[in-house]
Every structure is written in C-alpha cells, then in structure tokens.
Amino acid sequence: MGRRQILSWLAPGAVLLVAPACAEREGAATSGRSPADHPQYGGNLHLMLESPGTLDPSAVDDVYESCIVNQLYDGLLEFDSNLNAVPCIAQDWSISRDGRTYEFRLRDDVTFHNGRRVTADDFVYSFTRIFHPDREDLGLGAEYLRKIRGAKDFAAGRAESIVGLAAPSEDVLRIDLEQPYASFLSALAMDQTKVVAREEIERWGGDDPARACGTGPFTVEVSRIEAAEPTLVLRANEDYFRGRPFVDRLVFHVPSDYNVDVAVDALLAGELTLTDYPGAWDDRFRSDADFRVTHRPELSFSFVGFNVGLDPARNATVRRALAHGINRDRIAALDPRGRVPVQGILPPGMFGYSPEFKVLDYDPETAARLLAEAGFPGGAGLDTLHYWQADRGELGHLADKLMRE
C-alpha cells in the first residue's frame, strides 16, 4: 500500500485549494501576489498526470481520469475525508423501511457549464445512459448501479427504460432497487455516477474532452491532449454553486511517456506546482528549504496478478507456493517512507478493511514444498516471469536488482 508523498511549488492564491494534501514551495509566485494566511484568488496550478483515456464520467476507470473528472462534474453525493457519503447535488434523502426505495431532494441552484439548471431528469438520463444496450462496455458504473430495478433488463435490450428510475418533479429523484443494498449511497458518490447534460452528450458525444459539460468547479478552457506537449487547461467556474474556486486555472500536463521521474524533473525545472514522488527522493526534498513535503495514505496497493483460468495458476497449490515465495517486507524496504506491506485487498480507510493479516507469510521452504507437491520441483516446468518496471530512477534500479535475485 502506498503512502503518497506529495511535493509542490504553490503559487500564492493556490495554497488553500491544495494545502490538505500537498506542500508549498516558498516564494514561487505566478500571480504576482505575496503569500498570505488567508484564501486569495488567482494563480494557476500545474500538475502532471498520465494521459486520460476519457473524461466521460460513465467510462472513467482509473485514478488519473478521476482526478480531472472530479473537477468537471458532480454527483448526487460525494465522499468526505473519512469516505462517508455526504450531500452534493442532493441536499437530503429518505430511505424506505424495506431499504429498497431511495428518494433524493435536489438543490435548486446547480447549473451545468452551459447555464442550464440541473433537474432530476438529468440523473434519470445519466444513470440510464450507463446501461444503454449499445455500449460495448458498460463500465464500472453499471457494477455500482446494477441493483436498480430494471437496469439489467434495459441493458439486455428487454426494456425501453429503467423502471426503477423516476423524476416525480424537477427537484425529486426516486430510485427503486431490486433488493436492499447497504452500499448504495456510497455507489452514488462514485466518479462514474456523476450527472451529465443530455443535450451536450447528444450533440457532441462523450469522447471529446473539449466538450465536457458538467456542473463542477472548473470548466474546460483548452484541450491539447493530442499536441506535441499535451495539456488540458481547466478554468474556474464563476457560477459554481459552492462558490468560485480560489485558483484561476488547473493546468494538467499529460505526456504520453508519463512516469513519476518525469514529473519530478518537471517540478525541479519550475514547470509544475506539485507532484507525488517515490520515497527515494524524500531526503533530497526534505533537506531543501524551498519545498514542503506532506505524506498522505493512498487507497491503493500494488500487486502481481495471475490468470487463474490458465495453467499453472489455476492450481491453488501453485498459487499458495508463489504467495509464500514473495518477500513483501523486502520489497517495501526499497521505499520505506512510501510503501508498507498490505494486510489484505482493502486498504485502511475503506469500508470493510480489517487490520488482521490475510496474506501468507514469506516462507521459501513451504513455497518449495508446495511447488514440488504441485509437480514443479524447484520450479522446474514453470515459465519464466518477465517483470516490467516503469520507474527508471533509483527505486527502479533497486527493484530491478531485487527481481534479478
């Protein structure tokens, strides 16, 4: 599991937007104003991310896309810092005694970037669109919302609409479920369930980043994702229902060859405001008075996956042997300030997390015995595993050395 280390060089006026999750580089100004302890308007925030494959909320499937989509779109609910589902466009809601019917009352002051007010019909359209039978891939949103009554029938082409979605009035959305679903409110806070403007989707489709039309705190000003130096520039939404953001612009640099070392180099060159970085850089930045560093836990983990439908990984004995043969503590020691061994598939802070270890201990003797039992004594007969390491910095070289061993 990662402990994200975020390093930044903040422009005055940008400090309050990112202070909870990053650090400031003293004296770096893009607005010409002096730093202050109180929020100031102005400045551009420069970040670097992996190039997004889409900015259509219904199709988002990675953290890089989500980072941008969350600036452009809102949903009924959102997560607070403790991952509780809290009001966003929905100001309150009620749940039937049997846990199958949810009724949401919407705010009346939320508008799309094109100026039109958001109504309950927009959520009916946005959720229905996720299950459209013409979609080749229904995406993660369908997994979250598939318990809505009639959703599966609509996706299969057996119905003309989703009967469990209704808008009794402009300000009221009613959702009926096939059965109680304890995590439904959390599902409605996910990135894939954000509201889109029907007229814009029908006019332009959902694939053009320049046409993204949500309700979020920023709007698309310039999209140069296909350019030689790809960038996506978002401008502060003056009409945002929670008030204008303090920062004038978010400038996302999205190179096709993105990796964390490229981002660190760009930060050192003064091209970025903030970035995360591998733990190998920690001493370097902590010893530099120009930087302030903040550590935050990430809801993520790294893993090596196997296709358990194919031999030899379909054999549970082989899988146990491989698990016993991985020294997680030694891997984590490569980046002691940025990595810790996982305890299970759910990271701390996520619903369902348990501190009890659910992974097998490193035990090479047991691993060898299990491999022999499975018919691969000493590993004979197993294919060679080719491991690709994207990090070409200090951590990458250490990881290469470990893998060779």
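The values are calculated or read from the model by the stated rules, or taken from the named source; none is laboratory data. Just so it is clear, the structure is predicted and the values come from calculations on it, not from any experiment. In this analysis, Cβ positions are derived from the backbone assuming ideal geometry, glycine residues included, and neighbour counts consider all displayed protein chains.
Here is how the numbers come out for the structure above:
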{"item": "Yes/no for residue 255 being surrounded by 19 or more Cβ atoms within 10 Å (Cβ to Cβ), assigned to a loop (DSSP other than H, G, I, E, B), of a type outside the set (Val, Ile, Thr) and out of contact with any Phe, Trp or Tyr (no Cβ under 6 Å at 6 or more places or on another chain)", "result": "no"}
{"item": "Filter result for the condition that a residue is assigned by TED's automatic domain parsing to the domain that holds residue 168, more than 26 Å from the chain's Cα centre (by Cα) and hydrophobic (A, V, I, L, M, F, W, C), over 89, 95", "result": "95"}
{"item": "Residue 235 vs. criteria closer than 25 Å to residue 271 by Cβ and without any contact (Cβ under 8 Å) to a residue 60 or more places away in the chain", "result": "yes"}
{"item": "Any hit, the stretch 179-188, residues being touching a strand residue (DSSP E or B) at 6+ places or on another chain (Cβ under 8 Å), closer than 19 Å to residue 101 by Cβ and polar (S, T, N, Q)", "result": "yes"}
{"item": "For residue 83: the one exception among (1) modelled with pLDDT under 90; (2) among the aliphatic types (A, V, I, L, M); (3) buried (at least 17 other Cβ atoms within 10 Å of the Cβ)", "result": "(3)"}
{"item": "Selected residue (only one of 330, 319 is surrounded by 16 or more Cβ atoms within 10 Å (Cβ to Cβ) and more than 30 Å from residue 269 (Cα to Cα))", "result": "319"}
{"item": "Top-ranked residue of the stretch 258-306 - restricted to ones that are within 30 Å of residue 384 (Cβ to Cβ) and among the hydrophobic types (A, V, I, L, M, F, W, C), ranked as modelled with the highest pLDDT", "result": "262"}
{"item": "Wholly within the stretch 150-251, strands (runs of 3 or more DSSP E) carrying at least 3 residues that are more than 23 Å from the chain's Cα centre (by Cα)", "result": "165-169, 172-176"}
{"item": "Options 361, 329; residue that is without any contact (Cβ under 8 Å) to a residue 60 or more places away in the chain and part of a loop (DSSP other than H, G, I, E, B)", "result": "361"}
{"item": "Odd one out for residue 58 among (1) in contact with a Lys or Arg (Cβ under 9 Å, 6 or more places away or on another chain); (2) more than 25 Å from residue 339 (Cα to Cα); (3) at pLDDT below 85; (4) of a type outside the set (Asp, Glu)", "result": "(3)"}
{"item": "Checking residue 45 against (1) touching a Leu at 6+ places or on another chain (Cβ under 8 Å); (2) in the same structural domain as residue 245 (by TED's automatic domain parsing); (3) over 23 Å from residue 262 (Cβ atoms), the condition it does not meet", "result": "(3)"}
{"item": "Close pairs (9 angstrom Cβ cut-off, 6 or more residues apart or separate chains): part of a strand (DSSP E or B) in the stretch 107-119, acidic (Asp, Glu) anywhere", "result": "111/239; 117/108; 117/109; 117/170"}
